[in-house]
Amino acid sequence: MTAFFVTGTDTGVGKTRVSSALLHALQRQHARVIGMKPVAAGTELINGEWANEDVLALRAASTVQVPALYDNPYLLNLAASPHIAARDEGVDIDIEHIAACFHALRQQADAVVVEGAGGFIVPLLETPGHSATSADLAVLLRLPVILVVGVRLGCLNHALLTQEAILARGLKLAGWVANRIDPSMTGLEANVDTLRLRLQAPMLADLAWQPHAGAADLAIRLP
Ligand SMILES: Nc1ncnc2c1ncn2[C@@H]1O[C@H](COP(=O)(O)OP(=O)(O)OP(=O)(O)O)[C@@H](O)[C@H]1O
Ligand SMILES: [Mg+2]
């Protein structure tokens, strides 16, 4: 069973796009491929139902459809940090429960791609006496991590801090993706060169700014 945890240098940097591309790449090697978004914050009315875009995108790139309680155990309405959205709805996010859902998915899949929420250390739960972050979830699942770097001003610091945080937890950085979300950035190539030099994992894709590209068309290699 192959599985990865996809994190990013920030929210909105391309984790869903990359997770979907990974699922398509995995489909070329495996029959049963499932995307998981353990905690999704932010819903909109889609075809008469409150749904989260990331969850729908990952399902569209999966070959096995499972009950929502497994591929998305926590669906929160507020588009905010998960711990704030969860508090707003009176939900206690339990990473042990997420791990149980992940292990159930593994039974039905040859490959699972888990998309984290926000950046690597975003809080999932913050109540008196209890706290958990997205990083704690990655550790609990013991998954190799794929880092999506949204290439824009500030990304070197974010990428290197995230690499440190991943390695400090004893997790493997299995690969990283340069996602060129600001094509007019000053020194764009020099930034990507610095990332190549300083990130201690293979670059799996170098993605241009392509608003109309579908996930299936993005060139990405598997770790
Ligand atoms: N290379 C790219 N070219 C054009 N648009 C992109 C590119 N990468 C990401 N986008 C767009 O930027 C937005 C954010 O991307 P995406 O949803 O994949 O980020 P994310 O890291 O998953 O965000 P979140 O933290 O909300 O889960 C989306 O509208 C996506 O289509
Ligand atoms: Mg996303």
Checklist entry - Quick one: putting +1 on the C-beta of Lys and Arg, -1 on the C-beta of Asp and Glu, what dipole do you get for the chain around its Cα centre, in Debye to the nearest 20? => result 760
Next on the checklist: With 10 angstrom as the radius, rank His130, His30, His83, His24 by how many other C-beta atoms surround their C-beta, starting from the fewest.
Outcome noted: His130, His30, His24, His83
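How do Arg152, Arg221 line up, fewest other C-beta atoms within 10 Å first? It would help to have the intermediate numbers written out before the result.
Numbers: Arg152 19, Arg221 11.
Fewest-to-most ranking of Arg152, Arg221: Arg221, Arg152.
In percent, how large is the relative contact order of the chain, given Cα pairs closer than 8 Å and 6 or more residues apart?
On the way: 456 pairs, mean separation 58.0, N = 223.
Once normalised by length, the contact order is 26 percent.
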Item to check | Residues Val145, Val66 arranged by fewest to most Cβ contacts within 10 Å | outcome: Val66, Val145
Checklist outcome for this item: Sequence order, region 33-42: Karplus ³J(HN,Hα) from phi using 6.51 cos²θ - 1.76 cosθ + 1.60, θ = phi - 60°, Hz rounded, Gly and Pro as x, gives 10, 10, x, 10, 10, x, 10, 10, 10, x
Checklist entry - Around Gln65, with a cut-off of 10 angstrom between Cβ atoms, what is the net charge of the other residues, counting Lys and Arg +1 and Asp and Glu -1? => result 0
Checklist entry - Any idea what angle helix 15-27 forms with the longest principal axis of the chain, computed on alpha-carbon atoms, 0 to 90 degrees, nearest 10? => result 90
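Relative to 2.2 N^0.38 Å, what does the C-alpha radius of gyration of region 152-223 come to as a ratio? Two decimals please. Don't skip to the answer; put the middle values down first.
Values: Rg = 12.9 Å, N = 72, 2.2 N^0.38 = 11.2 Å.
Dividing the Cα radius of gyration by 2.2 N^0.38 Å gives 1.16.
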Checklist outcome for this item: What helix-only [θ] at 222 nm does the chain give? Using -39500 (n - 2.57) per DSSP H run of at least 4, over all residues, to the nearest 500, the answer is -10500 deg cm²/dmol
Checklist entry - Residue farthest toward the positive end of the dipole of the chain, with Cβ of Lys/Arg at +1 and Asp/Glu at -1: which of Gly118, Gln163, Leu204? => result Leu204
Item to check | Rounded to 5, the percent of DSSP beta bridges in the chain classed as antiparallel | outcome: 20
Next on the checklist: Multiplying the sequence separation of Lys172 and Asp206 by 0.36 nm and subtracting their Cα-Cα distance, what value in nm do you get?
Outcome noted: 10.2 nm
Next on the checklist: Along each principal axis of its Cα atoms, how long is the chain end to end? Whole angstroms, biggest number first, please.
Outcome noted: 45, 42, 35
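Set the Förster distance to 30 Å, then compute FRET efficiency between Glu164 and Asn47 from the Cβ-Cβ distance, nearest 0.05.
Values: r = 42 Å, r/R0 = 1.41.
Using R0 = 30 Å, I get an efficiency of 0.10.
Any read-out appearing in this document is the output of simple, stated calculations on the displayed coordinates, not a laboratory observation. Predicted model, so just to flag it, every value in this text is computed and none were measured. With ideal geometry, Cβ positions are generated from the backbone for all residues, glycine too; neighbour counts draw on all protein chains shown.
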